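Worksheet: the structure to be examined is printed underneath.
The values are calculated or read from the model by the stated rules, or taken from the named source; none is laboratory data. Because the structure is a prediction, the values reported are computed rather than measured. Positions of Cβ are backbone-derived with ideal geometry, glycine not excepted, and every protein chain shown enters the neighbour counts. Accessible surface is based on the protein model in full, side chains and every heavy atom, while ligands, DNA and RNA are left aside. Shrake-Rupley method; radii C 1.70, N 1.55, O 1.52, S 1.80 Å.
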Amino acid sequence: IGSYLLFPRWERQQLPAQLERTIRANLGYFQQVIAYYLNPNQDSSAGSIANLRRQAALENANAAAAAQRLFSEPRHVRGEVEPITTLILYIRRFFNSVITLAEHRRELSGEYQCPDFKQFADAIVQVLENLADALQQGQPPRSLPALGPYLEAIHDHIEQLHANRVLELAADLGTATPTLQAIRERTPISTELDRIAHEITSIHSAMVRLQE
């Protein structure tokens with residue numbers, strides 16, 4: 001009791017370090033999955049992805065547990081909890097989106113070629129690195145970069161594939177064409193990238209409110 005009263009260890013003070021570890025773990029998982037898309041023949045990728053997935057899942061659980069401990073603390077100590085709950089929620093959704101990308105990679109016929117895919121992934125990496133650094137340094141994060149142009153280029157690519165497929169059907173070229181294969185591979189990825197953009201935007205917004 002004396003230790004609690006004189007030298008309390010408030011979860012609010014320890015939570016930023018846990019959130020930093022959580023973001024970095026999810027970042028590492030995301031980077032490995034994207035690396036597989038860009039170079040599916042890299043050695044030992046499946047094992048690395050599985051290990052990073054487990055690490056990210058563990059840190060997500062640790063962050064959720066830390067938040068629960070925070071909620072049990074006095075209101076004047078814990079402060080505003082909405083940014084924390086939002087942050088943890090969208091980190092978990094981001095984790096689920098990366099899992100979906102990791103599972104879909106099994107259906108790829110070769111190296112994933114899509115305009116601005118790598119640039120979009122690089123932008124996500126930069127955002128997550130900055131958010132983790134901001135937590136470590138106790139500073140507000142940098143402004144969110146524009147993700148829309150990358151997504152628009154990817155959407156335009158998918159629409160062109162569908163237009164080409166319509167021409168193939170009109171010419172009665174059958175079903176087993178490279179265009180159809182590309183549509184089946186790339187449309188689900190485009191949908192998941194849209195989700196990731198929304199999740200990263202929500203994570204960034206919650207971080208800004210948290211640091212304020």
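Points worth noting:
- So residue 102, is it at pLDDT 80 or above, open to solvent by 30 Å² or more (accessible area, probe 1.4 Å) and either under 27 Å from residue 130 (Cβ atoms) or among the aromatic types (Phe, Trp, Tyr) (or both): no
- Only listed residue being open to solvent by 20 Å² or more (accessible area, probe 1.4 Å) and modelled with pLDDT of 95 or more, chosen from 87, 58, 128: 58
- Test: residue in segment 189-210 that is charged (D, E, K, R), open to solvent by less than 60 Å² (accessible area, probe 1.4 Å) and touching a residue at least 60 places away in the same chain (Cβ under 8 Å): yes
- Failed item in (1) more than 18 Å from the chain's Cα centre (by Cα); (2) surrounded by 13 or more Cβ atoms within 10 Å (Cβ to Cβ); (3) modelled with pLDDT under 95, with residue 155 passing the rest: (3)
- Residue 91 being of a type in the set (A, V, I, L, M, F, W, C), touching a residue at least 60 places away in the same chain (Cβ under 8 Å), assigned to a helix (DSSP H, G or I) and within 25 Å of residue 137 (Cβ to Cβ): yes
- Taken over segment 111-133, residues that are in contact with a Pro (Cβ under 7 Å, 6 or more places away or on another chain) and in a loop (DSSP other than H, G, I, E, B) amount to 1.
- When residues of segment 73-84 are limited to those that are in contact (Cβ under 8 Å) with a residue 40 or more places away in the chain and outside any helix (DSSP H, G or I), the one surrounded by the fewest Cβ atoms within 10 Å (Cβ to Cβ): 80
- Flag for residue 134 being without any contact (Cβ under 8 Å) to a residue 24 or more places away in the chain and of a type in the set (A, V, I, L, M, F, W, C): no
- Contact annotation: no residue pair with Cβ atoms under 6 Å, 6 or more positions apart or on different chains, pairs a residue in segment 173-184 that is under 13 Å from residue 108 (Cβ atoms) with a partner that is open to solvent by 30 Å² or more (accessible area, probe 1.4 Å) and part of a helix (DSSP H, G or I).
- Meets criteria (among the small types (Gly, Ala, Ser) and either open to solvent by less than 30 Å² (accessible area, probe 1.4 Å) or in contact with a Gly (Cβ under 9 Å, 6 or more places away or on another chain) (or both)) for residue 121: yes
- Scanning segment 163-181 for residues that are modelled with pLDDT under 95 and either assigned to a helix (DSSP H, G or I) or open to solvent by less than 30 Å² (accessible area, probe 1.4 Å) (or both) returns 164, 165, 166, 167, 168, 169, 170, 177, 178, 179, 180, 181.
- Any hit, segment 136-153, residues being closer than 16 Å to residue 194 by Cβ and charged (D, E, K, R): yes
- In the condition set (1) assigned to a helix (DSSP H, G or I); (2) open to solvent by 30 Å² or more (accessible area, probe 1.4 Å); (3) closer than 28 Å to residue 36 by Cβ, residue 144 is compliant with all but (1).
- Identity of the residue in segment 1-52, at pLDDT 90 or above and among the basic types (Lys, Arg), that ends up nearest to residue 107 (Cα to Cα): 24
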